[in-house]
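Report on the following structure.
The values are calculated or read from the model by the stated rules, or taken from the named source; none is laboratory data. All values reported here derive from a predicted model rather than from experimental measurement. All Cβ positions, even for glycine, are placed from backbone atoms using ideal geometry, and neighbour counts span all protein chains on display. The accessibility values were calculated without ligands, DNA or RNA, using every heavy atom of the protein model including side chains. Shrake-Rupley method; radii C 1.70, N 1.55, O 1.52, S 1.80 Å.
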Amino acid sequence: MVTLEPLRPDHADALLAFERENRAYFARTVPDRGDTFFTAAGFAARLQALLDEQHARVCRFHVVLGEDGELIGRINLIDLVDGSAELGYRIGEQAAGRGVATAAVAQVCRLAATDYGLTSLTAVTTLDNAASMRVLARNGFTRVENTTVGGQPGVRYERRHLGTAPDSP
């Protein structure tokens with residue numbers, strides 16, 4: 001259904017097009033990244049910073065590709081420390097509601113355990129992002145506390161024991 005690839009420099013054009021195409025859609029549930037992010041120069045600088053972090057093994061960034069190889073999302077593991085990381089993801093509007101996020105999160109959980117040696121992940125979402133909360137629950141994440149996300153009420157989730165299959169929600 002979906003394929004994950006580690007972020008590479010040659011993803012730049014497709015990734016910028018994806019971000020521009022989905023800017024308004026994402027802004028409905030997550031804070032907007034600001035105008036500079038969507039300029040060619042601003043995006044190039046941000047992409048290079050991400051690639052540098054990935055090279056340093058501080059973070060792991062991935063693109064999500066659909067059945068035809070088109071870029072339909074991104075999924076990231078941020079701040080890899082002591083066997084843990086924070087999960088973040090965004091799936092484009094055209095692919096939303098088709099199980100893409102659930103499948104991508106399942107794949108990155110497996111990668112986190114098998115390839116990156118992680119044992120636990122955390123994730124945050126706003127309270128008004130019910131779809132993201134369902135994706136996390138389907139992938140064995142447990143709601144652990146209320147928080148704020150971009151100044152909005154949110155919730156933090158956690159999944160421990162990545163090497164085991166998640167419990168059915």
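Descriptive notes on the structure:
- Sub-7 Å Cβ pairs linking a first residue in the range 1-29 that is farther than 23 Å from GLY99 by Cβ to a second residue that is open to solvent by less than 30 Å² (accessible area, probe 1.4 Å), at least 6 apart or interchain, are PRO9/LEU51; ALA12/LEU47; LEU16/PHE43; ARG20/PHE38; ARG23/PHE38, ordered by first then second residue.
- The lone criterion from (1) modelled with pLDDT under 85; (2) among the polar types (S, T, N, Q); (3) more than 24 Å from SER132 (Cα to Cα) left unmet by THR29 is number (3).
- Residue match in the range 56-76 (condition: within 17 Å of LEU7 (Cβ to Cβ), open to solvent by 80 Å² or more (accessible area, probe 1.4 Å) and modelled with pLDDT under 95): yes
- Residues (out of contact with any His (no Cβ under 9 Å at 6 or more places or on another chain) and closer than 14 Å to ARG159 by Cα) located in the range 103-112: VAL105, ALA106, CYS109, ARG110, ALA112
- Lone unmet requirement of (1) farther than 29 Å from ALA56 by Cα; (2) of a type in the set (Gly, Ala, Ser); (3) open to solvent by less than 10 Å² (accessible area, probe 1.4 Å); (4) part of a helix (DSSP H, G or I) for ALA137: (3)
- In the range 107-122, the residues that are open to solvent by less than 10 Å² (accessible area, probe 1.4 Å) and either assigned to a helix (DSSP H, G or I) or out of contact with any Leu (no Cβ under 8 Å at 6 or more places or on another chain) (or both): VAL108, CYS109, ALA112
- Out of THR147, THR125, one residue alone is among the polar types (S, T, N, Q), in a strand (DSSP E or B) and buried (at least 18 other Cβ atoms within 10 Å of the Cβ). It is THR125.
- From the list ARG23, ARG90, ARG33, the lone residue that is surrounded by 18 or more Cβ atoms within 10 Å (Cβ to Cβ) and closer than 28 Å to LEU127 by Cα is ARG90.
- Given (1) open to solvent by 60 Å² or more (accessible area, probe 1.4 Å); (2) over 15 Å from the mean Cα position of the chain (by Cα), index of the condition PHE43 fails: (1)
- Cβ-Cβ under 8 Å pairs, at least 6 apart or on other chains, the range 75-101 side on the phi > 0 side of the Ramachandran plot, far side of a type in the set (Asp, Glu): ASP79/GLU86
- Hits in the range 77-87 (condition: open to solvent by 30 Å² or more (accessible area, probe 1.4 Å) and hydrophobic (A, V, I, L, M, F, W, C)): ILE78, LEU80, VAL81
- Those residues of the range 46-55 which are closer than 19 Å to LEU71 by Cβ and either in contact with a Pro (Cβ under 6 Å, 6 or more places away or on another chain) or open to solvent by 60 Å² or more (accessible area, probe 1.4 Å) (or both), in sequence order: ARG46, GLN48
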